[in-house]
Amino acid sequence: MSNFTVRRPRPLSPNIQIYRPQLTSVLSIVNRITGVILSFCAVVLVIWLIAATTGPHAYADVQGAIASWIGQIMLFGCTFAFFLHLCGGIRHLVWDTCHGFELRWIYASGWTVVAASVMLTVAAWVASLFMAG
Amino acid sequence: MDRQSMRSPLARAIGLGSAKEGVEHWWAERVSAVALVPLTLWFVASIIAHTGSDYVTFVAWLRTPLATILMILLLIALFHHTALGLQVVIEDYVHSGAKFAAAITVRLGCFAVAAAGIVATLRIAFGG
């Protein structure tokens, strides 16, 4: 079948870098990146549950790692990633009902996702710090 | 069986697509997403409420029937959604022979970690 010794180079679409970043494209890739980040968070959740099963010492070790400053920074990032993916996901579910495709609604819902994610992240941490006393 | 398929009758008649199960993947991703909205919000709210709680308090909370059931449902929906999402990411970006290895690893890994999480939750719930 393949008599070609040299493979003909396939045509490539322009590299994504030549496009000016727009809210639409940035939020699209953000939804995917946050999804991958949250996959790791899901594994950490299970490690945390296993630690709780193992006993108070293992649980204290995991809690200690989360309470460290690097753990807190990562947890803050994960919280923001969670709310971005949640709000972005709800935006996608609305699109799935064939609503919100007019350009101005695309941008309105996009900025709503950004604003809601920031506010929910701050609210969650304020509530958490309040609970910690 | 066809009656439960989310594929439209026209799409079935034309019969395009190599695996003919793209719609099922798409639909499962949506169903798990809808389940995850309340489940993850419950989880985040519960974690916030337990900031600073000690081990005994946390375990006592997870042993309540509602928390046990919701945690298990969360793990099922979460890892189902994760497996579906990561599969698409792999299909889009991995073009070498590693694609199949990566797809299989992610799928089996999600099953394994979900099972570990469910067993851990049950052990806390029914443990001595």
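The values are calculated or read from the model by the stated rules, or taken from the named source; none is laboratory data. Fair warning: this is a prediction, and the values are worked out from it, not measured in the lab. Using ideal geometry, Cβ is built from the backbone for each residue, glycine included, and neighbour counts are taken over all protein chains shown.
Of note:
- Count of the range A:30-43 residues which are touching a residue at least 40 places away in the same chain (Cβ under 8 Å) and within 9 Å of another protein chain (Cβ to nearest Cβ): 2
- Selection count, the range B:38-58, where residues are within 7 Å of chain A (Cβ to nearest Cβ) and under 23 Å from the mean Cα position of the chain (by Cα): 3
- Of the listed requirements (1) among the aliphatic types (A, V, I, L, M); (2) farther than 29 Å from A:Val30 by Cα; (3) in contact with a Phe, Trp or Tyr (Cβ under 7 Å, 6 or more places away or on another chain); (4) at the interface with chain A (Cβ under 9 Å from one of its Cβ atoms), B:Ala67 misses just one: (4).
- The one condition in (1) surrounded by 14 or more Cβ atoms within 10 Å (Cβ to Cβ); (2) farther than 30 Å from A:Tyr59 by Cα; (3) hydroxyl-bearing (Ser, Thr, Tyr) that B:Tyr93 fails to fulfil: (1)
- Of the residues B:Ala77, B:Ala83, the single one that is within 16 Å of B:Val31 (Cα to Cα), at the interface with chain A (Cβ under 10 Å from one of its Cβ atoms), surrounded by 17 or more Cβ atoms within 10 Å (Cβ to Cβ) and of a type in the set (A, V, I, L, M, F, W, C) is B:Ala83.
- Count - residues of the range B:94-128 that are facing another protein chain (nearest Cβ under 10 Å) and not aliphatic (A, V, I, L, M): 6
- Residue within the range A:80-95 that is more than 11 Å from chain B (Cβ to nearest Cβ), under 15 Å from the mean Cα position of the chain (by Cα) and among the aromatic types (Phe, Trp, Tyr) present: yes
- Here the condition is being part of a helix (DSSP H, G or I), touching a helix residue (DSSP H, G or I) at 6+ places or on another chain (Cβ under 6 Å), modelled with pLDDT under 95 and within 11 Å of chain B (Cβ to nearest Cβ); of A:Val46, A:Val62, it holds for A:Val62 alone.
- Hey, B:Ala114 under 15 Å from A:Val46 (Cβ atoms) and assigned to a helix (DSSP H, G or I) or not: yes
- Unmet requirement for A:Gly55, which otherwise passes all of (1) at the interface with chain B (Cβ under 9 Å from one of its Cβ atoms); (2) surrounded by 14 or more Cβ atoms within 10 Å (Cβ to Cβ): (2)
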